[in-house]
Amino acid sequence: MSQAQKLHQILEQPGILTLPGIYDCIGAQMVEQLGFEVVFTSGFGIAGSTLGRPDYGLLTGTEMLYSVGRIAQSISIPLVADIDTGYGNPLNVIRTVTDIVQLGVAGILLEDQEWPKKCGHMEGKRVISAEEHVEKIKAAVHARGDSGLVIIGRTDARAPLGLEEAIRRGRAYYEAGADIIFIEAPQSIEDLKAIASAFPDVPLFANMIEGGRTPLLTAQELQLLGYKIVVFPLAGLFAATKAMANCFRHLKEHGTTAGFEDLVNFQEFEQIIGVPKYRQLEQQFKV
């Protein structure tokens, strides 16, 4: 069974699906080891960790697919990938989605921002016409073929054009073939409720960013509102950033990491990255 088929089966189960957001292979492996069913790659996180730059469309499609492909190959659970705008027009989307399918990715986010895009919770976003993005959704559906790739149609129209237009676009993207609809950056619980009311029979995707524009709700609260998937895309990045800052501050002040307790040790990290398996293989094929 392909990862996309696994994701479809998981989505058919009752209840809301919670996706942790990660940006590298270690994060993905930790998500799997902790028992999550699906993992999500954050474009914001990959841009920040790979380039040390903001999510301003500075990461190329090639760089994104390289990172996503390595992550997908490091785990055995389905991966949903943020592929920004698909990196061009419908023909570029076909190329991107074809590559995504070959990498074994289970699902994608495809958004309607102008390129260069920005993080959905940043100021100054601009969107292409709904008609143009409909064609990009149709191109993605064409390119996935019979792979079962889950397509999440995302609109960033809430901030620049208002909630009514965002909902209109969501309907158009669903009719064009998106499996799930994602209206980015609702600005209140009332927005979240209005979106759920507008799509009573459509699977909905919610995005919870600590300090972002949308109220930070629990998975259970979002399920009661009518959402099917919730992603916490930056929690891992934010936690790791704070942990590293605290660790390096301790090192700067004391000249050692002794006494800094919020660390895994060498042996614990070996378990996370699978060193025992490679030791066994080393012995098995020892010359």
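The values are calculated or read from the model by the stated rules, or taken from the named source; none is laboratory data. Model, not experiment: these values are computed from the prediction. Cβ sites come from the backbone with ideal geometry, for glycine too, and all protein chains shown count toward neighbours. Protein only, heavy atoms only, side chains kept; ligands, DNA and RNA dropped before computing areas. Shrake-Rupley method; radii C 1.70, N 1.55, O 1.52, S 1.80 Å.
Below, the figures for the structure above:
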item: Candidate set: region 167-183, residues that are assigned to a helix (DSSP H, G or I) and in contact with a helix residue (DSSP H, G or I) (Cβ under 6 Å, 6 or more places away or on another chain); chosen: the one nearest to residue 227 (Cα to Cα); result: 167
item: Qualifying helices (runs of 4 or more DSSP H) (wholly inside region 72-161; at least 2 residues being among the charged types (D, E, K, R)); result: 90-102, 130-144
item: Residue in region 1-47 that is surrounded by the fewest Cβ atoms within 10 Å (Cβ to Cβ), counting only those that are assigned to a helix (DSSP H, G or I) and of a type in the set (D, E, K, R); result: 12
item: Options 210, 221; residue that is open to solvent by 20 Å² or more (accessible area, probe 1.4 Å), within 18 Å of the chain's Cα centre (by Cα) and within 24 Å of residue 39 (Cβ to Cβ); result: 210
item: Check on residue 37, without any contact (Cβ under 8 Å) to a residue 40 or more places away in the chain and among the acidic types (Asp, Glu); result: no
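Yes/no matrix, rows are residues, columns are (1) touching a residue at least 12 places away in the same chain (Cβ under 8 Å); (2) open to solvent by 10 Å² or more (accessible area, probe 1.4 Å); (3) in contact with a Gly (Cβ under 6 Å, 6 or more places away or on another chain); (4) at negative phi:
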site: 113; (1), (2), (3), (4): yes, no, no, yes
site: 134; (1), (2), (3), (4): yes, yes, no, yes
site: 145; (1), (2), (3), (4): yes, yes, no, no
site: 148; (1), (2), (3), (4): yes, yes, no, no
site: 152; (1), (2), (3), (4): yes, no, no, yes
site: 156; (1), (2), (3), (4): yes, no, yes, yes
site: 161; (1), (2), (3), (4): yes, yes, no, yes
